[in-house]
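This report refers to the structure that appears directly beneath it.
Just so it is clear, none of the values below were taken in a lab; they were calculated from the coordinates. Computed from a predicted model, the values in this text were never measured in an experiment. Here the Cβ positions follow ideal geometry from the backbone for every residue, glycine too, while neighbour counts run over all protein chains shown.
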Amino acid sequence: MIAARPLSIAALVAMAAAARAQGAATADEFVRLEPVLQAAIARAAPFVVTIETFGGTRRVEGKEGPMDGEGPPMPRPKPPEKEPPPEPEEDSRKPKKPLVAGGFQQAQGRTTGVVLTADGWVLVSRFALALDPTTVLVTVPDRGTFHGTRAGEDTSRGIALVKIAARDLPVPKFVHPNDVAVGQWAFALGRTFASDGPTVHLGVVSAKHRLHGRALQVDAYTSPANYGGPVVDLDGHVIGIAVPLSPSGRNAGVEWYDSGIGFATTIADIGPLLARMQEGQVLQRGWLGVQLSSEWLGPGAKISGTPKDGPAAQAGLRKGDIVEKIDTVEVQNGPHFQVLIGSRLGGDQVTVTVRRKDGDIEVVGPLTLADAPWSEQQQQRGAELPATFPVPEQPERR
Amino acid sequence: MKTTIAALLLGVALPAQTVDFGKAYSFAERAPRTQTERAIDALLPSIVKIHGASGLQTISAFASGVLVTAQGHVLTIDQIMLQPGRTRVVLYDGSVHEAQLLPPDDRLGVRLLKIDPKLVTAELRPLWPAAPTPFRTGQFVVSLGNCFRLAEFSEKVSATFGVVVGRADTALRYRMTNVAYDGDVILTDACNNPGHQGGGLFALDGRWLGLNMKLLESKETNTMLSAAIPVADLLPYLDEQVHGKPRPSPVAKTEPAWFGVQLFEQAGRQSPPAYVERVVAGSPAATLGLRNDDLIVRFDEFSIRTCREYRDVLARFRPGQRIKVMWKRGTEVMNGEVDLVAEPRR
């Protein structure tokens, strides 16, 4: 797996070799980079925290666990008499088979988080909470271990908030995505395996505005060990949070791990969402409920269908309408439309300007985006996990 | 990392040169120019390729080694199929020799091989670990080894480039499989592919930092990490085998340590978190003030996520040892220290 990973350093060494012909950079540049990198790690170290989870499983039995912080399970759960009958297919959108194959359990381990505010809000990856743990512990370097209370999540960005009872925590400086350039250094920090500080993996920013503007793409190694950890620049400032995401919006896992493709949620848009997440809201990707004609190349995006229960249908958008504007932005074509809608969340409001079949221009809305149907499924326990790193199930020993 | 500095240099030099299949491949290579190039150039003669008996499924039959003495001692990882009479060492110049097997160190998972001292010519540069070499997270490193048996005959082993990812101690990596070694290891992202193990991990100035281990597999996340055993930890074994210096024998096993709680657990189900069901009066747990329904989360630096892990971790301690215990009561995280005892006889 590791052998297959095209590493940024490999590229850099290759570039260095090429550049050497012109008397430019050599691998010795790395020697000079070393103290800069170590200073960046030292600056970031105080706000990189360890997340440990206890309890919670892939709920094959659909049993409720104990409530957070309420003590042990009461009463003692009884083992099922027999396998529960398969659930009837209520919803055709439901995955047809479990995403974690039988005989495997979802990998679970220590993972990483970032202090967000001095008064105890900690940002973690949804991966950390994939198994719906009953207890979350957050260890802040030099400050001790705290009980973490789960708050809201943004499923579209793969992040979640946890609150700890601590004050005066060290907070990072966040870099706005506008100030990030492709090719700049990006170091993914974690706090899982190493005992003498955060772990570090090197890379560069591979692309910006990925996944409809929600994430940076980096080639630094991201894995369950550093999901939730910061991706920092040479100054130790945070340019993103490593999260398991993939273009399908579904689970990223072993198939993406070690591929040289990692995603880091940018922080710029977390600010406005913070209040909603602090209240405990689970934010989903927004859904307008239109299908677009792939034959229509623009200008605008041509609607080829509107599912009955979607916000678009209810607001009167129809097949054949051409979307000319989303809010004040002129829509160039279908892909542009998707970028404009794809970064929104359920509950967000948009105004849609359409040209009807008869040429009339009509402003529809503001209408409220629904939660995307697949992200509702993500919420269903055991249906879809934010990331899968299946490990072989081991028989219990006593 | 697959792309290697050595390969790059060869790749540049290859087209213009004639290949002499005489004693060895002969490429007129340009002289190293940078510190890193010089370091690699100086280190390559110390690295050997090792071929064992045919491999078995997960155990490969090839590895790398480091020539550590002029008497012909070669240090390698003991996790490949090595058999007396069937173990071959390929030296820097491409010559192939039979190696004698010296006793391994089972705790480190390493073993010395020995070749005829006469073979250790001036060209080869035995590399004895100097004084313990410090390493730091974020330090750039070069790893040398014969990954995937790519280097044949006198072809040079591969150099992979990376950084020290961190130092992992036992408590943090005890859930990782397939490692005999119990001490701190150097984590790196300079790749250890099969065959690379037994080679060396070096600072860019050529200082020897560690011996490449087999890939570490994390049981809990199903991910893999490259790692190396710090050279300082190899010295006692080397001194014993090469210089005959005796070293302290490992601590003899004693009776198991006892904490004195009964956990809330059911057989047959996935092991649940370590909730306390009963605290035995007069036990270390009682001394700490543990109560029914507390959740035990840590012994020293070992995190305990399940009842099974509670038992595994407790088994690492001995009666009389003082341990730090962390537990959770409601939303409060509590800490204490206590001496473990042997289980009282009834």
Taking N as the residue count of region B:257-342, its alpha carbon Rg divided by 2.2 N^0.38 Å gives 0.98
A correct Stokes-Einstein calculation for region A:286-372, using the alpha-carbon Kirkwood radius, 25 °C and 0.890 mPa s, returns a whole-number D in µm² s⁻¹ of 198 µm²/s
Here, chymotrypsin sites (Phe, Trp or Tyr not before Pro) of region A:159-196 satisfying both criteria (DSSP loop; at most 11 other Cβ within 10 Å) are none
For region B:273-346 the GluC sites (Glu not before Pro) that pass both the DSSP coil test and the at-most-14 other-Cβ-within-10 Å test are B:301
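Per residue of A:196-204, count partner chain C-beta atoms within 10 Å of its C-beta, then hand back the mean as an integer. Don't jump to the answer; show the numbers that get you there.
On the way: counts 8, 5, 4, 11, 9, 6, 7, 1, 0.
Partner Cβ neighbours, averaged per residue: 6.
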Calc'd 3J(HN,Hα), region A:353-359, phi into Karplus 6.51 cos²θ - 1.76 cosθ + 1.60 (θ = phi - 60°), Hz, glycine/Pro = x, comes to 9, 10, 9, 6, 4, 7, x
In whole Hz, the Karplus estimates of ³J(HN,Hα) for region B:102-112 (6.51, -1.76, 1.60; θ = phi - 60°; x where Gly or Pro) are 8, x, x, 9, 5, 6, 7, x, 10, 8, 8
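Any idea what the dipole of region B:71-116 comes to, in debye rounded to 20, about its Cα centre with Lys/Arg Cβ at +1 and Asp/Glu Cβ at -1?
Magnitude of the dipole: close to 80 debye.
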Going from the fewest other Cβ atoms within 10 Å to the most, one would list A:287, B:128 as B:128, A:287
Fewest to most Cβ atoms within 10 Å: A:210, B:33 sort as B:33, A:210
